[in-house]
Amino acid sequence: MAYPSSVRIVEVGARDGLQNEVSVTTAQKIKLIEALAKAGLRNIEAGAFVSPKWVPQMADSMDVITALTLPDHVELSALTPNLKGAELAVQSGVKEFAIFTAASEAFTQKNINCSIKESIERFLPVMELAKAHNIRVRGYVSCVVGCPYQGEVEPHQVLEVCKQLLALGCYEISLGDTVGVGTPNKVERLLDLLLQHIPSDKLAVHFHDTYGQALTNIHKALEMGISVIDSAVAGLGGCPYAKGASGNVATEDVIYLLEGLGISTGIDLERLASAGWEICRALNKKPVSKVSLALQSKCSA
Ligand code: HMG
Ligand code: MG
């Protein structure tokens, strides 16, 4: 089986992971991101310039991002749903925007209060601003296999939205299984179609683990040539507009899988796990990462 020779991890714990959590302070977020960078993560989604009325948990993104002390090789990104968000993101100094829409009309309405078509129109000035500031733009498509409001989503619906985001100028599309309902056959069916139209190096996978399928779905995507994986330390996460959806696949579990497949990641698993434990202590919960729990019990044995 030919797996990609290297994989890029996009760590989304500080954004996707914490956007549902009310009890995290700005200082704890800063500490988390700096610890993730020390563990070797190079691509870190650090916050979201979204409406604080919609997602108050991300209201301190400017304070978090501007306070960070990080090595030069670490690239930060932030969600920018509209021009206002993009202007704030420029001010924060991030070098990457992430725009987000969905393959489901109902989810798009609930999440960003507009239709898919309107979301694409909103992104036009965001793309212009990005170009003017030499900022790259990543595109998210949510609900790529299923929607919490509409049920099954067909691959051709996903393809349509991916094409529009690529035409806008996104360098990469991250495919979100927002509610974690995918299984490997569904991922295969989706990628079979997408890869007929889009090169594999323009696609990333962003799988939530609600039904425990994220790792097996990632393995399928790796087999099909995908080499960018989004994940969240300790398996933190969820979406405020996808009730019942649990966290992203845990970064610790993805790293363990990749190393086991012979794909080196340059990430220090123990440092990563300890960053996860620290933020989980702040949240008063345990990591959902099995690898993290296993490492912990090995250390305390
Ligand atoms: P709206 O209410 O339609 O926007 O929200 P509006 O333009 O009418 O503005 C309403 C108010 O919000 C105004 O303030 C604006 O200034 C303000 P007021 O005049 O009432 O005082 N506002 C903003 N403030 C700060 N930053 C901004 C901003 N924009 C407007 N950027 C909007 C539309 C898109 C803003 C809103 O729906 C929103 O913020 N949605 C974000 C929802 C969100 O963050 N969801 C979670 C992230 S997506 C996700 O988790 C999925 C993903 O992980 C992939 C996957 O798993 O599938 C990425
Ligand atoms: Mg997500």
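The values are calculated or read from the model by the stated rules, or taken from the named source; none is laboratory data. Everything numeric here is computed off the predicted structure, so don't read it as measured data. Heads up, the Cβs are rebuilt from the backbone with ideal geometry, glycines too, and the neighbour counts pull from every protein chain shown. We work out accessible area using only protein heavy atoms, side chains counted, and drop any ligands, DNA or RNA first. Shrake-Rupley method; radii C 1.70, N 1.55, O 1.52, S 1.80 Å.
For Val249, are the conditions met, namely being closer than 25 Å to Pro199 by Cβ, under 14 Å from the mean Cα position of the chain (by Cα) and away from ligand 1 (no atom under 15 Å from the Cβ)? It is false that Val249 is closer than 25 Å to Pro199 by Cβ, under 14 Å from the mean Cα position of the chain (by Cα) and away from ligand 1 (no atom under 15 Å from the Cβ).
If you go through the stretch 205-218, how many residues are open to solvent by less than 40 Å² (accessible area, probe 1.4 Å) and under 19 Å from Ala2 (Cβ atoms)?
Let us first name the residues in the stretch 205-218 that are open to solvent by less than 40 Å² (accessible area, probe 1.4 Å), namely 205-208, 214, 217-218.
Next, from what is left, pick out any that are under 19 Å from Ala2 (Cβ atoms): 205, 217-218.
Result for the stretch 205-218: 3.
Which of the residues that make up the stretch 162-211 are more than 15 Å from ligand 1 (Cβ to nearest atom) and within 16 Å of the chain's Cα centre (by Cα)? Scanning the stretch 162-211 gives Tyr171, Lys202. When you scan the stretch 133-145, do you find a residue that is farther than 27 Å from Pro52 by Cα and out of contact with any Cys (no Cβ under 7 Å at 6 or more places or on another chain), even just one? Yes; the residues of the stretch 133-145 include at least one that is farther than 27 Å from Pro52 by Cα and out of contact with any Cys (no Cβ under 7 Å at 6 or more places or on another chain).
Among the residues of the stretch 283-294, those identified as modelled with pLDDT under 95 and open to solvent by 30 Å² or more (accessible area, probe 1.4 Å) are Asn284, Lys285, Lys286, Val288.
With the requirement that a residue be in a helix (DSSP H, G or I) and either free of Cβ contacts under 8 Å to residues at least 40 places away in the same chain or surrounded by fewer than 19 Cβ atoms within 10 Å (Cβ to Cβ) (or both), what does the stretch 107-119 give you?
Initially, the stretch 107-119 is screened for residues in a helix (DSSP H, G or I), giving 107-112, 116-119.
Once the filter is applied, which keeps residues that are in a helix (DSSP H, G or I) and either free of Cβ contacts under 8 Å to residues at least 40 places away in the same chain or surrounded by fewer than 19 Cβ atoms within 10 Å (Cβ to Cβ) (or both), the stretch 107-119 yields Thr108, Gln109, Lys110, Ile112, Lys117, Glu118, Ser119.
Looking at the stretch 170-193, can you tell me whether even one residue there is crowded, with 20+ Cβ neighbours inside 10 Å and of a type in the set (S, T, N, Q)? Steps first, answer last, please.
Initially, the stretch 170-193 is screened for residues crowded, with 20+ Cβ neighbours inside 10 Å, giving 170, 172-182, 186-187, 190-191.
Pick out the ones that are also of a type in the set (S, T, N, Q) and you get 174, 178.
Yes: one or more hits.
Please specify each residue of the stretch 81-121 satisfying the condition of being within 11 Å of ligand 1 (Cβ to nearest atom), closer than 15 Å to Leu166 by Cα and out of contact with any Asp or Glu (no Cβ under 9 Å at 6 or more places or on another chain). Those that are within 11 Å of ligand 1 (Cβ to nearest atom), closer than 15 Å to Leu166 by Cα and out of contact with any Asp or Glu (no Cβ under 9 Å at 6 or more places or on another chain): Ile99, Phe100, Thr101, Ala102, Ser119.
Could you tell me which of the residues Ala273, Ala242 is within 14 Å of ligand 1 (Cβ to nearest atom), open to solvent by less than 40 Å² (accessible area, probe 1.4 Å) and either on the phi > 0 side of the Ramachandran plot or not acidic (Asp, Glu) (or both)?
Values: Ala273 fails: within 14 Å of ligand 1 (Cβ to nearest atom).
Exactly one residue qualifies, and that residue is Ala242.
Applying the set (1) out of contact with any His (no Cβ under 7 Å at 6 or more places or on another chain); (2) of a type outside the set (Val, Ile, Thr); (3) not in a strand (DSSP E or B) to Ser231 leaves exactly one unmet item: (3). Residue count for the stretch 125-134 satisfying the condition of being closer than 16 Å to Leu165 by Cα, touching a helix residue (DSSP H, G or I) at 6+ places or on another chain (Cβ under 7 Å) and open to solvent by 20 Å² or more (accessible area, probe 1.4 Å): 3.
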